[in-house]
1. Evaluate peptide B:103-114: per residue, the Cβ atoms of other protein chains within 10 Å of its Cβ; return the mean as an integer.
2. List the GluC sites (Glu not before Pro) in the range A:58-141 that DSSP assigns to loop (not H, G, I, E or B) and whose Cβ has at most 11 other Cβ atoms within 10 Å. Which are they?
3. Calculate the dipole size of the protein assembly as shown relative to its Cα centre from +1 charges on Lys and Arg beta carbons and -1 charges on Asp and Glu beta carbons; express the result in debye to the nearest 20.
4. Identify all aspartates and glutamates with a Cα-Cα distance to B:Lys89 below 16 Å; exclude those on the same chain that are fewer than 8 residues away in sequence.
5. So how tilted is helix A:33-42 from the main axis of chain A? Cα-based, degrees 0 to 90, rounded to 10.
6. Put the label 7 Å from Cα along Cα→Cβ for B:Asn44; what are its distances to the other copies, in nanometres, shortest first?
7. When only alpha-carbon atoms are used, what values of Rg and Dmax, in angstrom, describe the range A:2-133?
8. Axis carrying A onto B: which residue of A has the nearest Cβ, and how far, whole Å?
Number of protein chains: 2
Amino acid sequence: MRETIGAASGLVRLAFLVQNLYAEVGRGCDLTEAQARMLCVLTNGSVGMAELSGQLCLERSSLTGLVDRAEQRGLVVREADPHDRRAVKVSLTPAGSTAVHRFHQELTERLEKLTAELPVAERERFTRTLQRLVADVPVLFAD
Amino acid sequence: MRETIGAASGLVRLAFLVQNLYAEVGRGCDLTEAQARMLCVLTNGSVGMAELSGQLCLERSSLTGLVDRAEQRGLVVREADPHDRRAVKVSLTPAGSTAVHRFHQELTERLEKLTAELPVAERERFTRTLQRLVADVPVLFAD
DNA sequence: CAAATTACTTCGTGCCACGAACAATCACAA
DNA sequence: TTGTGATTGTTCGTGGCACGAAGTAATTTG
């Protein structure tokens with residue numbers, strides 16, 4: 001049983017590691033963690049508040065403030081949905097797009113360094129298993 | 001290059017997944033994420049503020065409040081360090097110990113379910129690689 | 001058309017994290 | 001011994017994050 005316990009510990013520590021990297025790279029781009037996550041989702045195009053809160057696993061009331069602050073910083077805009085006057089579409093401004101691309105690139109580099117030391121075969125196997133485990137996690141960080 | 005990009009995405013998504021689980025299990029034990037992390041570190045015995053802030057990657061000033069709130073909830077106590085009158089040792093109360101053990105057990109179960117569907121060989125390989133990647137991450141979630 | 005549903009916001013609360021500034025204590029060297 | 005510089009931890013101010021309850025407006029449904 002030693003091994004399964006180790007798996008849980010390993011997952012937690014890996015998550016901690018990645019999360020710290022995420023925050024660190026975010027700070028370098030002047031983005032909070034929550035903002036960076038949101039901008040990553042918006043990379044795929046404009047999204048309504050409800051769907052966005054679903055993808056980020058946030059209550060809608062939490063999202064309102066997040067979008068507010070991002071909008072004040074000029075990273076994001078709210079647009080009226082032509083088909084539903086209740087709804088709002090959130091999308092990236094050019095500044096937001098620039099920021100998120102820089103963030104994405106830097107984080108990708110840092111994360112690749114993490115696995116860079118592994119032998120190629122091990123690395124590929126690891127990645128494949130990873131893909132399998134996260135198959136139904138929303139795409140927060142597109143390829 | 002398709003594969004290396006996927007590795008970064010996979011890591012981010014896995015981290016998101018684990019982090020959400022962490023928060024969810026925490027809520028079930030009436031612990032915030034930050035509190036749960038701290039209590040996990042304290043499982044190994046009492047620790048000074050400076051070392052604790054290092055292990056949690058937090059500024060000392062952030063830790064003060066975290067310990068304050070945990071102390072008010074009766075999860076933790078501050079004790080004077082006999083060898084250094086500036087220093088403080090933080091340790092678990094019985095209530096804190098109970099809470100963190102429950103948290104640890106539930107989270108471990110949930111995390112094992114994550115990998116439970118994998119073929120045994122793949123799972124073992126994955127775990128081994130995991131251990132290697134997190135070798136120098138502080139122990140936030142002991143075996 | 002009335003009622004139920006959906007989309008989003010507002011408000012109040014508590015928690016989290018940072019940096020600057022500060023007091024107490026310690027370690028060490030002159 | 002007496003500075004002097006480093007270390008330990010706290011306070012304070014600021015800003016951000018997240019929740020839930022309650023509310024408004026628009027849409028859908030019966």
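1. Details: counts 0, 3, 0, 0, 3, 7, 1, 1, 9, 5, 0, 5.
Neighbouring Cβ atoms belonging to other protein chains average 3 per residue here.
2. On the way: sites: A:Glu59, A:Glu71, A:Glu79, A:Glu106, A:Glu109, A:Glu112, A:Glu117, A:Glu122, A:Glu124; in loops: A:Glu59, A:Glu117.
Answer in residue order: A:Glu59, A:Glu117.
3. Working: 36 positive and 38 negative charges, 22 e Å.
Rounded to the nearest 20 debye, it is 100 debye.
4. Within the straight-line limit of under 16 Å, B:Lys89 reaches these aspartates and glutamates: B:Glu51, B:Asp68, B:Glu71, B:Glu79, B:Asp81.
5. The angle comes out near 70 degrees.
6. 3.9
7. Taking only Cα atoms of the range A:2-133, I get Rg and Dmax of 17.6, 57 Å.
8. That would be A:Ala15, 2, residue then distance in Å.
Since every read-out is calculated from the coordinates, none of them should be taken as a lab result. Predicted model only: the values in this text are computed from it and were never measured. Please note: Cβ atoms are built from the backbone with ideal geometry, for glycine as well, and neighbour counts cover all protein chains shown.
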